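Undergrad: Sharing a structure here in structure tokens format.
The values are calculated or read from the model by the stated rules, or taken from the named source; none is laboratory data. Nothing here was measured: the structure is a model prediction, and the numbers come from that model. FYI the Cβ positions are ideal-geometry reconstructions off the backbone, even for glycines, and counts take in every protein chain you see.
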Amino acid sequence: MIDALRTNPALLKLDLYCRGAVLDESCYVEQDGGRKILRTRAGLGSGLELILPGGLWTNVPVSEPFARRSPYAIHRQDGRYLLRHGGRDVAPVALSPRPAWYDRATASGKPMTRVGTLQGTYLGVYQAKVCEYWTGPLKENCKFCSVGLNLGVDDADEKSVDEVMEVVRAARRESGITYVDFNTGHYDGDTYLDILEPYIRRIKKELGLLVGVQTPPHRDLKRYDGLREMGVNRVSFCFEIFDPAIFRELCPGKHREYGLDYYLEAVRYCAALGRRGPRHEPWVTNGEIIAGLEPPESSIRAIDWITSVGAIPTVCVFRPLVGTDLEAAEPPNTEQLVPVFRRLYEACMERGLPVGCAPNVHVSLVLLPEECRSLSRRRFPWQTLKLKAMAKALRFGLERRFAAAAGMGSASPSAGSAERS
Ligand code: SF4
């Protein structure tokens, strides 16, 4: 097992999600330039941001009770960080660097990390007020979710367009971000897209960055045509669970408001918009699920359905966060999840989906499809070549666009800040 963990970075990333790690007292994360452990992150993250061998960025559970029983421990030795398993060395690891802007405030006086934070190498912004499943009289929040526990702790409630722009510029200039991701919960009246559009327009116009939105599925699907025209690059729908009975039980608000079928309809509708313009703006649709909350076969069925309509699955690993309704649940078992992530890679490659093309987008909260290559014996040489060509073309186009934005007086990244790994 140790040999497999040493040589297979995807297996190591997955095993750490499932088992967490003990942070040895020799570690000085913040003094050594690492990122503080924050409770937010879309209701699923809570851990230490690390970079594993192979350049895989991750977020390792260290705060939950299950992590205290983990065979993994993170040690600091001679100023460097080392991952051990059962007392045996597994691999050197690096702390995800904390940028200087993390310690600054906006002109309005808000700590910048309460406006947006890096998740891997992209900027995540949990926009606006708390999800109304948490605040309504029925208390219908998703059982695994910690968003209602977090806001006001690590995230600010109100974020003006100017404040967000200030943080986006700092993250672009100093951290070389290429992508900004907006995330909202449910608001009565489907106001989430109305709220986000002014932010999106400013970022596209002034910086030309890639932008994505993760919200509930708007009841007027034509709104996604508008987002496509605006230059949005990614829409993501978190239906979490493909098994209808488990979906109903664990996501009562989503079930009552929209229902699983409507989530799937939104995924299908948006995936079809990829054929439309603007042609210079890449477009992907994600269907997001959480592995470990339903049987692996059901997660695999979800992956097959999502890819069959031309969308790309985002597969999180269930983490029983402290304070949530599922805090006493066991985390999933690595061996049971390996086939799920193997299928994720194979299904995306079989369908020729554009995975791993965006430059400098390393994601800490999920195992990306392309990262799961080492879990499969199958190889897809033509598809791999095609993806490399697509990535090159996208990088070239974005460099030209960023240079043009910088020439207009917008932020440009400082030398050496992009593409850290
Ligand atoms: S929709 Fe569910 S997962 Fe999303 S913020 Fe609301 S309660 Fe949390």
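Results for (1) aromatic (Phe, Trp, Tyr); (2) within 16 Å of the ligand (Cβ to nearest atom); (3) surrounded by fewer than 22 Cβ atoms within 10 Å (Cβ to Cβ), shown as yes or no for each residue.
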site: Arg219; (1), (2), (3): no, yes, yes
site: Met230; (1), (2), (3): no, no, yes
site: Tyr262; (1), (2), (3): yes, yes, yes
site: Ala271; (1), (2), (3): no, no, no
site: Pro278; (1), (2), (3): no, no, yes
site: Ile290; (1), (2), (3): no, yes, no
site: Glu294; (1), (2), (3): no, yes, yes
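Undergrad: Also, I was wondering about something else. I'm trying to understand the selection: among the residues of region 315-329, which are surrounded by fewer than 19 Cβ atoms within 10 Å (Cβ to Cβ) and not acidic (Asp, Glu)?
TA: Val322, Gly323, Leu326, Ala328, Ala329
Undergrad: Given Thr191, Thr178, which one is hydroxyl-bearing (Ser, Thr, Tyr) and either under 17 Å from Glu281 (Cα atoms) or in contact with a helix residue (DSSP H, G or I) (Cβ under 7 Å, 6 or more places away or on another chain) (or both)?
TA: Unique residue meeting the criteria: Thr178.
Undergrad: Assess whether Gly120 counts as being closer than 28 Å to Asn360 by Cβ, more than 14 Å from the ligand (Cβ to nearest atom) and at pLDDT below 90.
TA: The answer is yes for Gly120.
Undergrad: Could you list, in sequence order, the residues of region 178-217 that are over 13 Å from Glu132 (Cβ atoms), among the small types (Gly, Ala, Ser) and in contact with a strand residue (DSSP E or B) (Cβ under 9 Å, 6 or more places away or on another chain)?
TA: Selection gives Gly212 alone.
Undergrad: Picking from Val164, Val115, which residue would you name as being more than 16 Å from the ligand (Cβ to nearest atom) and at pLDDT 95 or above?
TA: Of the residues listed, the single one that is more than 16 Å from the ligand (Cβ to nearest atom) and at pLDDT 95 or above is Val164.
Undergrad: Among (1) within 11 Å of the ligand (Cβ to nearest atom); (2) surrounded by fewer than 21 Cβ atoms within 10 Å (Cβ to Cβ), which single condition is Arg173 missing?
TA: Here Arg173 clears every test but (1).
Undergrad: Next question, about the same structure. Assess whether Leu82 counts as being more than 16 Å from the ligand (Cβ to nearest atom), within 18 Å of Trp57 (Cα to Cα), outside any loop (DSSP other than H, G, I, E, B) and at pLDDT below 95.
TA: Criteria not met by Leu82.
Undergrad: Then there's this: Is one or more of the residues making up region 206-213 crowded, with 16+ Cβ neighbours inside 10 Å, within 14 Å of the ligand (Cβ to nearest atom) and in contact (Cβ under 8 Å) with a residue 12 or more places away in the chain?
TA: Checked region 206-213: at least one residue is crowded, with 16+ Cβ neighbours inside 10 Å, within 14 Å of the ligand (Cβ to nearest atom) and in contact (Cβ under 8 Å) with a residue 12 or more places away in the chain.
Undergrad: Here's a follow-up. Of the conditions (1) part of a helix (DSSP H, G or I); (2) modelled with pLDDT of 95 or more; (3) under 24 Å from Pro369 (Cα atoms); (4) touching a Pro at 6+ places or on another chain (Cβ under 9 Å), Tyr262 satisfies every one except a single condition; which number is it?
TA: (3)
Undergrad: Is there a residue being outside any helix (DSSP H, G or I) and over 29 Å from Tyr199 (Cβ atoms) anywhere in region 106-124?
TA: Among the residues of region 106-124, not one is outside any helix (DSSP H, G or I) and over 29 Å from Tyr199 (Cβ atoms), which makes the answer no.
Undergrad: State yes or no: is Ile246 in contact with a Leu (Cβ under 8 Å, 6 or more places away or on another chain), at negative phi and surrounded by fewer than 19 Cβ atoms within 10 Å (Cβ to Cβ)?
TA: For Ile246, the condition - in contact with a Leu (Cβ under 8 Å, 6 or more places away or on another chain), at negative phi and surrounded by fewer than 19 Cβ atoms within 10 Å (Cβ to Cβ) - is met.
Undergrad: Give Ser63, Ser46 a once-over and let me know the one that is within 16 Å of the ligand (Cβ to nearest atom) and either in contact with a Ser or Thr (Cβ under 8 Å, 6 or more places away or on another chain) or farther than 22 Å from Tyr345 by Cα (or both).
TA: None of the other options fit; the residue is Ser46.
Undergrad: I would also like to ask the following. Hey, Leu52 hits all of (1) at pLDDT 95 or above; (2) under 27 Å from Trp134 (Cα atoms) but one; which does it fall short on?
TA: The single condition Leu52 does not satisfy is (2).
Undergrad: Would you mention how many residues in region 232-259 are out of contact with any helix residue (DSSP H, G or I) (no Cβ under 7 Å at 6 or more places or on another chain), farther than 29 Å from Asp162 by Cβ and more than 16 Å from the ligand (Cβ to nearest atom)?
TA: Residues meeting the conditions: 1.
Undergrad: Here's a follow-up. Mind listing just one residue for me: the one in region 134-161 that is more than 14 Å from the ligand (Cβ to nearest atom) and at pLDDT 85 or above and, of those, nearest to the chain's Cα centre (by Cα)?
TA: By that ranking, first place goes to Lys159.
Undergrad: For region 102-124, enumerate the residues that are buried (at least 20 other Cβ atoms within 10 Å of the Cβ) and aromatic (Phe, Trp, Tyr).
TA: Of everything in region 102-124, just one residue is buried (at least 20 other Cβ atoms within 10 Å of the Cβ) and aromatic (Phe, Trp, Tyr), namely Tyr122.
Undergrad: Mind checking whether some residue in region 181-191 is of a type in the set (Asp, Glu) and either within 27 Å of Met390 (Cβ to Cβ) or in contact with a Ser or Thr (Cβ under 6 Å, 6 or more places away or on another chain) (or both)?
TA: Yes; the residues of region 181-191 include at least one that is of a type in the set (Asp, Glu) and either within 27 Å of Met390 (Cβ to Cβ) or in contact with a Ser or Thr (Cβ under 6 Å, 6 or more places away or on another chain) (or both).
Undergrad: With the structure loaded, tell me whether Thr58 is β-branched (Val, Ile, Thr) and at pLDDT below 95 or whether it fails that test.
TA: So Thr58 fails the test.
Undergrad: Next question, about the same structure. Can you find a residue that is surrounded by 20 or more Cβ atoms within 10 Å (Cβ to Cβ), within 22 Å of Arg248 (Cα to Cα) and over 19 Å from the mean Cα position of the chain (by Cα) anywhere in region 344-362?
TA: No - not one qualifying residue is present in region 344-362.
Undergrad: Are there any pairs with C-beta distances below 6 angstrom linking a residue in region 356-381 that is touching a residue at least 40 places away in the same chain (Cβ under 8 Å) to a residue that is part of a loop (DSSP other than H, G, I, E, B) and surrounded by fewer than 21 Cβ atoms within 10 Å (Cβ to Cβ), with the two at least 6 apart or on different chains, and if so which?
TA: Asn360/Ala418; Asn360/Glu419; Ser374/Asn8
Undergrad: Is one or more of the residues making up region 306-319 in a helix (DSSP H, G or I), modelled with pLDDT of 95 or more and over 23 Å from Lys13 (Cβ atoms)?
TA: Scanning region 306-319, I find at least one residue that is in a helix (DSSP H, G or I), modelled with pLDDT of 95 or more and over 23 Å from Lys13 (Cβ atoms), so the answer is yes.
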